[in-house]
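First the structure, in the form of structure tokens, and then the observations on it.
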Amino acid sequence: MIENTYHSRDFYLSGYLLAIQQKLLSHTRENRITTFIFQDTNDLQEAVERYYNMAANVNPVIYGQSLRSLKSLIYSNHTNTDANTRTTEKGSL
């Protein structure tokens, strides 16, 4: 496991984090569940808190683009040798 990372299985939270320019390091897919891995920072922790407290603000167009980008990652990533596990290493989108 990479140190100083934040792991999220929440697709919409991950889209929000991407929309506010948090750094997406990679993602994994195992048994049809995708986990998005972000660089963990104080800003990211504050953003997660805002999101779950329903106090987050984001441009809706950018948020929609972020969701489409994440969907594209989920369905077009490279497959490992294990048919049930997919992993990709990405920089920020």
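About the Cα centre of the range 1-70, how large is the charge dipole given +1 on each Lys and Arg Cβ and -1 on each Asp and Glu Cβ? Please answer in debye to the nearest 20.
Around 340 debye, computed over the range 1-70.
As an exercise, take the mean of 1/r over every pair of distinct alpha carbons in the range 1-80, invert it, and state the Kirkwood radius in angstroms.
Taking every pair of different Cα atoms in the range 1-80, averaging 1/r and inverting gives 12.9 Å.
Between ILE33 and ARG50, what length comes free when the chain is fully extended (0.36 nm per residue of separation minus the Cα-Cα distance, one decimal in nm)?
3.7 nm
What part of the accessible area of the range 22-72, given as a whole %, is carbon or sulfur when the probe is 1.4 angstrom?
Values: 1510 of 3250 Å².
In the range 22-72, the share of accessible area belonging to carbon and sulfur is 46 percent.
The values are calculated or read from the model by the stated rules, or taken from the named source; none is laboratory data. The structure displayed is predicted, hence computed values, not measured ones. In this analysis, Cβ positions are derived from the backbone assuming ideal geometry, glycine residues included, and neighbour counts consider all displayed protein chains. In case anyone asks, the SASA skips ligands and DNA or RNA and just uses the protein heavy atoms, side chains included. Shrake-Rupley method; radii C 1.70, N 1.55, O 1.52, S 1.80 Å.
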